[in-house]
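So the structure is just underneath, and the comments pick up after that.
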Amino acid sequence: GKLGRGGVRVSVLCDHGTEAMGGIFQHGRFFCESSLGGARVRSSSSSALDDCRVTSSTRETMLSTLSTEPDFSAVFLTRLLSRNARLEEDVVDQLLHSSESRLARLLLLLADSSEEDDKPVSIVLSQEALADMIGATRSRVSTFMNSFREKGFISYDRHNGKIEIYTAL
């Protein structure tokens, strides 16, 4: 699918029955494109984080569009390669950096800090979800969030999960 507005969480169910966060996708992002590979078993599920508009298509329609629409194919391939590069960075980040650094990087990615202005970006996400995404405990994430707030990098309302992320992070 392609996300028009809002946010989507993709989760993966592991063989031993635990669920892992596969990612959070914001406006304009493609997700669940692994189905184009022809797998017969669905390995992930998606759920809306808030009101959103999603465009979905069948595997056949998507493959046909990729072969007949070069502009669309270029955009899709660019996004796919960008995601692949980010996944490689995530692996390196998990292996080499502290939980605090991983959380800061994740918050910047979720805020899509490529914007040119200095306005804070708001997201709504629980500490548990953030902990799942960086491979840490919720209590560690709480400690880091308090530290980031004290340093002026974020505003955070723990009760509703609203986080405002400043590009200074």
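When the residues of segment 79-99 are narrowed to those that are in a helix (DSSP H, G or I) and in contact with a helix residue (DSSP H, G or I) (Cβ under 8 Å, 6 or more places away or on another chain), which ends up nearest to residue 136 (Cα to Cα)? Before the answer, list the steps.
First, pick out the residues of segment 79-99 that are in a helix (DSSP H, G or I): 79-96, 99.
Next, only the ones that are in contact with a helix residue (DSSP H, G or I) (Cβ under 8 Å, 6 or more places away or on another chain) stay: 80, 86, 93-94, 99.
Values: 80: 27, 86: 19, 93: 13, 94: 10, 99: 6 Å.
Of everything passing the filter in segment 79-99, 99 is nearest to residue 136 (Cα to Cα).
Only residues in segment 132-156 that are more than 24 Å from residue 95 (Cα to Cα) count as the first member; pair them with residues that are in a helix (DSSP H, G or I) and open to solvent by 40 Å² or more (accessible area, probe 1.4 Å), Cβ under 9 angstrom, at least 6 apart or cross-chain, and list the lot.
Filtered contacts from segment 132-156: 155/149; 156/146; 156/149.
Would you call residue 169 at pLDDT below 85, of a type outside the set (Ser, Thr, Tyr) and in contact with a strand residue (DSSP E or B) (Cβ under 7 Å, 6 or more places away or on another chain)? Spell out how you get there, then give the answer.
Details: at pLDDT below 85: yes; of a type outside the set (Ser, Thr, Tyr): yes; in contact with a strand residue (DSSP E or B) (Cβ under 7 Å, 6 or more places away or on another chain): yes.
So residue 169 fits the description; yes.
Pick from segment 118-131 the residues that are closer than 19 Å to residue 27 by Cβ and part of a loop (DSSP other than H, G, I, E, B): which of them is modelled with the lowest pLDDT?
119
When you go through 61, 68 one by one, which is the residue that is of a type in the set (Val, Ile, Thr) and surrounded by fewer than 10 Cβ atoms within 10 Å (Cβ to Cβ)?
68
Out of 134, 163, report the one residue that is touching a helix residue (DSSP H, G or I) at 6+ places or on another chain (Cβ under 9 Å), over 21 Å from residue 27 (Cα atoms) and open to solvent by less than 60 Å² (accessible area, probe 1.4 Å).
Every option except 134 fails the conditions.
Which members of segment 42-53 meet the condition of being open to solvent by 70 Å² or more (accessible area, probe 1.4 Å) and of a type in the set (A, V, I, L, M)?
49
The values are calculated or read from the model by the stated rules, or taken from the named source; none is laboratory data. On a predicted model such as this, the values are computed, not experimentally measured, just so you know. Cβ: placed from backbone, ideal geometry, glycine included. Neighbour counts: every protein chain shown. Areas reflect the complete protein model, heavy atoms only, side chains present, ligands, DNA and RNA absent. Shrake-Rupley method; radii C 1.70, N 1.55, O 1.52, S 1.80 Å.
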